[in-house]
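Bear in mind that the values in this text are calculations on the coordinates, not laboratory data. Please read these numbers as outputs of a predicted model, since none were measured by experiment. Quick reminder, even Gly has a Cβ in these numbers, built from the backbone with ideal geometry, and neighbours come from all protein chains shown.
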Amino acid sequence: MPDPTTATPIATVNALTFTDTLPDPSATYTYLIKPGSLQSSNQVTVGPPPFGFNVVIPSTEDNCETVGVMERMELDGNGDPAIAYMVIDPNGDGDESDDTLYFVSWNRANYAWNPTVQVAVPGAASGEGPGLLHSLARDAATGMWGLEYLQSLPEGYAQMMLATSNDGGFTWKAQSISGDAYHGSLEAPSLAMWNGAFHAIFLTDAWFDGTGNLFPDNGTGFLYVTGNATDSPSKWTSQAAPFPGDYTSSYYAGSLALDSNHAPGIAFNVVNDTYEAIAFWRPGTHTSTAVAHNDGYTTNDNPSISLAFSGTQARIVTDAKWNYGSFDPDHEPADLWAMRAVDAAGLGWMPAVDVPPDNVNMMEQPWIATGSQGQTAIVMASNHDPEGQGMTCGFPKIARSNDFVTFRTCAPAPVDNPSFAPNKMYPVLRFGGNDKLWLAFNNNDGNGDLSLGLVLWREQ
């Protein structure tokens, strides 16, 4: 306990309550309340979670790959983290119909995590891999929280759901954004919210609107759905994301984000018989743009895509394999590419940047975030060291750049990082209001000093 004689006085009051109006929301404060001339004091600590690594949801060696996994994180109105995560097969009977989606948020007044809240029991539809089947968002204008997730139903049916909360994430109301129960493939949800409206996408292999299949040749594509989150679904609107050029289908990877004007943009992969590409689309327009394609170099295996905006400028990162003239068949490239638009419409793009690995490790599951000064951070998991050369630092990897040209890649901190990339790490990061990073990931690496479970890292 701090010494009351060395504390800095901030007020003398004759009241039961006092509001300190000057704190830095990124700082932690310890308040000492000294009654009259007495020497004893009451102490309370308030503020964001501590710097460094914090275990949010602990796990054990037996359940570290099923508890606190598939995490997604956003920051609340104080700049504090809130996380959605899964518990897979909670009773351990091998039946994943009870896979459960939870939400947990930080309480800065209590200087502790709030009790976890069960949002839904999506069942085995929760999925695995880089295309997680839930997405977390917060409406900064209204304070509403939103979760888009895939709900499993009997006999192979499913629905894409939107759950919202107006009380800080303690109670949730869910509605279907995919219409009636659907027998087929629904994947890759991505959600954003502003001023009462939600913007959501998901991948579907057949979507009928009364006029026929929106996607040619019974292919797959992304559907964009928007509306007021509190309205009836009958008032929401939907539009199929158009394919650029001669591309005919999409699969697995898509990401939606809002720019500084709160206008949505969507990045998604597209394919035809020869090429695969990353496409960018502004909803409400009739065409999309092929940002970059792979020259027919390879077929990608479930690539990830993440989109963020710096102002109105779109920035994309993908772990899809491209050939920009740097491919050496005897040395696998980093396979992580960052792309930057040169205009708000996303019609023109700078050449893709090859994000460097830590030594020769291949990198996967990227997530991109931008800071207030245009800086970029990309977090990714990695499971590969194809040449057995080791690496300089641990996991998860974070690549940083102030100019979107030169990136440097290492782990969050010089000590206590996991020594290898655990399965199902699913890292996600955000810039805080002070342009310091928040990072959430699942640690099931029991070989290091870091405890097992859902972990939050706060940059100092």
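As an equivalent ellipsoid, segment 49-458 spans semi-axes of 28, 27, 21 angstrom, where each value is the square root of five times an eigenvalue of the C-alpha gyration tensor, largest first. Cross-link partners for Lys436 among the lysines, with Cα-Cα distance under 23 Å and sequence neighbours closer than 8 places in the same chain left out: Lys397. For a straight C-alpha distance cut-off of 26 angstrom, the lysines reachable from Lys235 (same-chain residues fewer than eight places away being disregarded) are Lys173.
Which of the peptides 85-93, 27-35 is most tightly packed, and how do the rest follow, going by the mean number of other Cβ atoms within 10 Å of each residue? Could the numbers behind the result be given before it?
Details: 85-93: 17.1, 27-35: 13.4.
Put in order of decreasing packing, that is 85-93, 27-35.
Among Thr318, Thr287, Thr376, sorting on how many other beta-carbon atoms sit within 10 Å of each Cβ, with the fewest leading, yields Thr287, Thr376, Thr318.
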